[in-house]
Amino acid sequence: MRIGTLTGGGDCPGLNAVIRAVVRTANGRYGDTIVGFRDGWRGLLEDRKIIIQNDDRTDRLLTKGGTILGTARTNPDKLKAGIEQIKQTLDDNGIDVLIPIGGEGTLTAAHWLSEEGVPVVGVPKTIDNDIDCTDVTFGHDTALSIATDAIDRLHTTAESHQRVMLVEVMGRHAGWIALNAGLASGAHLILVPEEPFDVAEVCATVKKRFQRGDSHFICVVAEGAEPDPKSMTLREGGIDEFGHKRFTGVAQQLGNEIERRLGKEVRTTVLGHVQRGGTPTPYDRVLATRFGLHAAEAAHRGEFGNMVALHGTRIELVPLADAVKQLKTVPAYRYQEAAAFFG
Ligand code: F6P
């Protein structure tokens, strides 16, 4: 069998572990040829690829961050227009099944291809943990531990200076990193995109904590968090190439407002891409490895049009059509649980 694979969208720790698991299973166990397309869907649009063997070099990929195949974000309209070209490249390379590894955009493209009759088995990845129909995606645990470590460190410096510290974390339109890192590090407030915040309430929470005699305040702000427009207007960030609202540096703007209203010293840290870099945590290595193994096995069983997913302790297959219907955001009950620890 000839299996094509690619990594699409933003990189994330664990991508190489999936590639290794696919190669070890498909090439090592079944003798398949693995064709890795370069730089996401671009590699398929431009027929750029490498053959990946089950050798020592591939085996060492387990701990390596990033992706050896390279990745890119491709505008969905460009992709749609290029579907015939992608099918042609797959034909030219004699690909029997494609295993795209990616987030919302990549899995949506995988679903289109599958509807066009291309045999596809998707693998979900993202630090944001916003892919539906799987309990979790690999990459999230690594981002979470980096963010948690950073917030732990901010506690001690904030305490020494009696400051308010705002930490902006990634997550796009979902608040999973903020919620989980905030809970794990004992933040005094967590702001997520799913729950618009009121600046007056934020200030009241800060004030109450200092009045009680506490020495510092840590607030984790998801990059997609938004104020209730009645309480504060955010600077316009424009629209990105996918038609999504651009993030505006919400933590910095909120920090300025808190400083203005309360006269307290505020410092803001934006963690940015450090959350996506470096070696995956053991949890992510295991999940990525299991995803890769099951994707290769599903390809061999001919169970196309699906995505591998974690359900409890098992890896199962779910239709791509179901997985891409909506993003998995933080439910209200999870935010309320976290709110029990605010202030
Ligand atoms: O989807 C992963 C992610 O890291 C988001 O959390 C973040 O908003 C986005 O990618 C950043 O994208 P880029 O690497 O293109 O700046």
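Phi-derived couplings, Karplus 6.51 cos²θ - 1.76 cosθ + 1.60 at θ = phi - 60°, listed residue by residue for the range 173-189: 8, 10, x, 4, 5, 4, 4, 6, 5, x, 5, 5, 10, x, 5, 8, 7 Hz, with x used for Gly and Pro.
Close amide H partners of Ile131, meaning residues 5 or more places away or on another chain with modelled amide H under 5 Å apart, are Lys328. Against the chain, whose longest principal axis comes from its Cα atoms, helix 250-262 is set at around 10 degrees. Only aspartates and glutamates eight or more places from Lys230 in sequence, or on another chain, were considered; those with a Cα closer than 15 Å are Glu195, Asp198, Glu201, Glu257.
Computed from Cα positions, the angle between helix 104-115 and the longest principal axis of the chain comes to roughly 30 degrees. Taking amide hydrogens as placed 1.01 Å from N in the peptide plane, the amide H of Met307 sits under 5 Å from those of Gly122, Val318, Leu320, each at least 5 positions away in sequence or on another chain. Rounded to two decimals, the Cα radius of gyration of the range 143-276 over 2.2 N^0.38 Å is 1.00.
Restricting the range 132-219 to trypsin sites (Lys or Arg not before Pro) that sit in a DSSP loop and have at most 15 other Cβ atoms within 10 Å of their own Cβ leaves Arg212. Report summary: the helix-based calculation at 222 nm, which adds -39500 (n - 2.57) for every DSSP H run with n ≥ 4 and divides by the residues of the chain, gives -11500 deg cm²/dmol. Histogrammed with a bin width of 20 Å, the alpha carbon distances of the chain distribute as 31, 50, 18, 1 percent, first bin at zero. Under the simplified labelling scheme, the Thr63-Arg2 pair shows an inter-label distance of 3.6 nm, with each label point 7 Å from Cα along Cα→Cβ. Of the residues Ile51, Ile151, Ile83, Ile190, the one with the fewest other Cβ atoms within 10 Å heads the list, and the complete ranking is Ile51, Ile83, Ile151, Ile190. Among the trypsin sites (Lys or Arg not before Pro) in the range 241-343, those placed in a DSSP loop whose Cβ has at most 14 other Cβ atoms within 10 Å are Arg246, Lys325. Overall size of the range 102-147 from C-alpha positions, given as principal axis extents largest first: 41, 16, 13 Å. Against the chain, whose longest principal axis comes from its Cα atoms, helix 282-301 is set at around 30 degrees.
With a Förster radius of 35 Å applied to the beta-carbon distance between Glu159 and Asp55, the computed FRET efficiency rounds to 0.10.
Since every read-out is calculated from the coordinates, none of them should be taken as a lab result. All of these numbers come straight from a predicted model, not from anything done at the bench. Every residue, glycine among them, receives a Cβ derived from its backbone with ideal geometry; neighbour counts consider all protein chains shown.
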